[in-house]
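Only one structure is covered here, and it is reproduced in the block below.
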Amino acid sequence: MLRLTVSPEEYLMIGDNIKIIFLGGTKNHLRIMVDAPKEMSILRSDVIERDYPEKADHRHYYEEPEPPAKYLKPKQKP
């Protein structure tokens, strides 16, 4: 799994024909725009869980642990 920090108007390309554009948002909501071919089906997770429970991925995201100290930059003294 890839975890990214993005700014508004940045985008990701998936293959040659799917573009996900990050439009911004608030603390709890993010707006995106998906540019994909018409024949590609795009469903929200709540629709999948409601209408296709056998396809629902029930794994939840987890907080990433702190990396080992050897990978952290030393703190600067004031």
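Since every read-out is calculated from the coordinates, none of them should be taken as a lab result. Source: prediction; values computed, not measured. Neighbour counts are summed over all protein chains in view; Cβ atoms, including those assigned to glycine, are modelled from backbone coordinates with ideal geometry.
Show me the trypsin sites (Lys or Arg not before Pro) within region 6-59 that DSSP assigns to loop and that have at most 11 other Cβ atoms within 10 Å of their Cβ. Before the final figure, lay out each step's value.
Numbers: sites: Lys19, Lys27, Arg31, Lys38, Arg44, Arg50, Lys55, Arg59; in loops: Lys27, Lys38, Arg44, Lys55, Arg59.
Passing sites in region 6-59 are Lys27, Lys38, Arg44, Lys55, Arg59.
Give the lysines reachable from Lys77 as a straight Cα distance under 27 Å; neighbours fewer than 8 places away on the same chain don't count.
Lys77 reaches no qualifying lysines.
Can you pull the one-decimal nm distance between simple spin-label points at Met33 and Leu2, each 7 Å off the Cα toward Cβ?
The two pseudo-label positions are separated by 2.1 nm.
From the helices alone, meaning DSSP H stretches of at least four residues, give me the mean residue ellipticity at 222 nm for the chain, per-run term -39500 (n - 2.57), in deg cm²/dmol to the nearest 500.
Here the helix-only value at 222 nm equals -2000 deg cm²/dmol.
Across the Cα atoms of the chain, what radius of gyration and what greatest pairwise Cα-Cα distance (Dmax) are found, in Å?
17.9, 58
With each label point set 7 Å from Cα along the Cα-Cβ vector, what nm distance links Asp16 and Leu72?
Label at Asp16, label at Leu72, 4.6 nm between them.
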